[in-house]
Structures are given as structure tokens and as C-alpha cells.
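S.K.: One structure coming up, written as C-alpha cells, with questions to follow.
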Amino acid sequence: MRPHALVTGGAQGIGRAVAELLAGQGWDVTAADLDEAALRRASGQWNDISPAVLDVTASAQVAALVDRLPPLDVVVNCAGIAAELLPLKDISRAAFERMLRVNVGGTFLLAREAARRMEGGAIVAIASRGYLGGAGAAHYVASKAAVVGMVRSLAVELRWRGISVNAVAPGMVETRMIDDFTSEMRARLARLEPGGGPMPPATIAGAVAYLASAAGRAVNGQVLLVDGGKSLGVAPC
Ligand code: NAD
């Protein structure tokens, strides 16, 4: 039987790239997303990926989807939201709570419901280089640091059942998410990237596919930074 992967945020961006790469490698893939229109657009170009409408913050929906799928080998949570680099004074309580509900709550619910039905395999969460800190968008940074903390805890708890749990922390990636930034901010951030601009989503998908592979499952509780080394600092020459 072909292995089965559930990829959330699968309608576009990093999630879509992950779904398409795994499907190309012979996996059965379910790509789930809240955005029905984007899911319809993507699935028009898919032959071998099953689309599913899902809000990762709704526990009943997550449980129902996991229950109707065959037991999962791999779960990748790419569903997430971001924010521009907002100063603390401009972050509303509502924006803070929504950020945690989607980025942390979604990761938690998906891991909890999927692990219930997994017999070995891999869980991969998409964090962000931002988890390391830095000024601006404290609610986004907090949410991604929480994802990393959860991954480290679940890795220890679930390893006894043969399930690895890791995070991929991308630098700037060319997706709709960064299209929402102002053009001035986008250009400023892009100039700081080691490659001179954002990476294609396929680069992140490659890292996820490694962690999902049989060899990659020996890696557990880690954060794979895929950012061209930017997080190590700026070269002096
Ligand atoms: P994207 O906006 O292209 O894709 C995110 C997808 O998640 C969308 O299809 C959206 O509909 C879906 N989604 C949002 N809320 C959801 C919910 N409640 N339930 C189900 N689906 C939901 O953005 P992306 O860049 O592909 O982002 C994917 C992940 O990568 C996010 O967690 C993001 O924080 C992270 N990330 C992105 C970048 C970047 O530069 N693009 C950098 C670092 C980390």
C-alpha cells in the first residue's frame, strides 16, 4: 500500500509544494485547506492529490478528517498565518489571540488527532526562522517559538511509538503570505536574504520530504533552519 500524507495549508504556497512533491514521489496525499477557492484552483491541476476543506482550529473538523482517512504515515502542518513587522503598540489582543489559535492551536490539534491513528511515521510542523526572535511581529515570533517548543516535547513523547516530530523553519519564501506585505517592506526584507530574495516553496518542500522519508525519521525533535544561513548573522566582508 502507498504511504499516506496529510498536508494542511495545501492549497497554495509551501503546503501545495509539499503536497505536489510527495505525490510526485508516489505518496497518496490529502491536501487540506480553509480556502475553498484556492483548493478548487489547485485541485483543477491535480490528478493524484485529494483536496479536503479544513479549518485547523476546529477540533471536530480535524478529528473527523483524520478519522475518515486511512491511517496516516506523515502529517505536515503548513496551515498558518503571518503578520507584517508590527511594533508592539500596534498588535491588538484579537490579532495576538488569532495568531496563537491558528499557528499554535492548529499544530496542536493536528498532532493530537493524527497521532491517535498513526502507527509510526513523521509529523512535520512549519515554524519560521522568526522563532529565533528579532524586532517586530512579536505575536508571530511567539507563535513560532511555541510551535518549536511543542515539537520538542512531542518528539520525546511520541518517539516510543515510532513517530518523529520535527519543525522546518524557513527564511523568506515566495508565497502569497509575503505578497500581503507592503512593497517597501517586502523589498527591504528580500535584500537581507542570502540568496538576494525569497526562496521558491519547492526548497522548503524538499526539506519536509527529507524529514518525511525513512532516513529522515531518524531526525527527531529538531528544527531544520532553511534560510541560507541568514540566522547565523551578516557577513562583515
Ligand atoms: P500561504 O498563505 O501561501 O499558505 C498558507 C495556507 O494556510 C493558505 O492556503 C491558507 O488558506 C491556509 N490556512 C490559513 N489558516 C488556516 C486554517 N485555520 N485552517 C486551514 N488552512 C489554513 O503561506 P505560506 O508562506 O505557504 O505559509 C505556510 C507556513 O509557512 C506558515 O505557517 C508560515 O508562517 C510559514 N512560513 C512562511 C514564510 C514565508 O516567507 N512565506 C517564512 C517562514 C515561515
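The values are calculated or read from the model by the stated rules, or taken from the named source; none is laboratory data. Remember, predicted model here, so these are calculated numbers, not experimental data. For neighbour counting, all protein chains shown are included, and Cβ atoms are generated from backbone atoms with ideal geometry for every residue, glycine included.
S.K.: Anything in the stretch 25-38 that is more than 15 Å from Val74 (Cα to Cα) and out of contact with any strand residue (DSSP E or B) (no Cβ under 8 Å at 6 or more places or on another chain)? List them, or say none.
M.R.: Within the stretch 25-38, Asp35, Ala37, Ala38 qualify.
S.K.: May I pose another question? Scan the stretch 164-177 and report the pairs whose first residue is closer than 10 Å to Ser128 by Cα and of a type in the set (A, V, I, L, M, F, W, C) and whose second residue is part of a strand (DSSP E or B) and within 6 Å of the ligand (Cβ to nearest atom), with Cβ atoms within less than 9 Å and a gap of 6+ or a chain change.
M.R.: Pairs that qualify, where the first residue is closer than 10 Å to Ser128 by Cα and of a type in the set (A, V, I, L, M, F, W, C) and the partner is part of a strand (DSSP E or B) and within 6 Å of the ligand (Cβ to nearest atom), are Ala167/Ile126; Val168/Ile126; Ala169/Ile126.
S.K.: Could you please find all residues in the stretch 140-149 being within 12 Å of the ligand (Cβ to nearest atom) and of a type outside the set (A, V, I, L, M)?
M.R.: Correct list: Tyr140, Ser143, Lys144.
Each row is one residue, and each column tells you yes or no for (1) farther than 21 Å from Arg176 by Cβ; (2) of a type in the set (Val, Ile, Thr).
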position	(1), (2)
Ala17	no, no
Asp33	no, no
Gln45	no, no
Ala58	yes, no
Leu72	yes, no
Ile91	yes, yes
Ala94	yes, no
Arg101	no, no
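S.K.: Can you pull out every residue in the stretch 14-25 that is of a type outside the set (Val, Ile, Thr) and buried (at least 24 other Cβ atoms within 10 Å of the Cβ)?
M.R.: Listed by number, the residues that qualify are Gly15, Arg16, Ala17, Ala19, Leu22.
S.K.: Follow-up question, since we're still on this one. May I ask you to verify whether Arg152 is away from the ligand (no atom under 12 Å from the Cβ) and modelled with pLDDT under 95?
M.R.: No: the conditions fail for Arg152.
S.K.: Mind listing whichever residues of the stretch 1-46 are under 22 Å from Ala125 (Cβ atoms), of a type in the set (Asp, Glu) and out of contact with any helix residue (DSSP H, G or I) (no Cβ under 6 Å at 6 or more places or on another chain)?
M.R.: Selection gives Glu20, Asp28, Asp35.
S.K.: Would you mind stating whether Ala137 is within 12 Å of the ligand (Cβ to nearest atom), aliphatic (A, V, I, L, M) and at positive phi?
M.R.: yes
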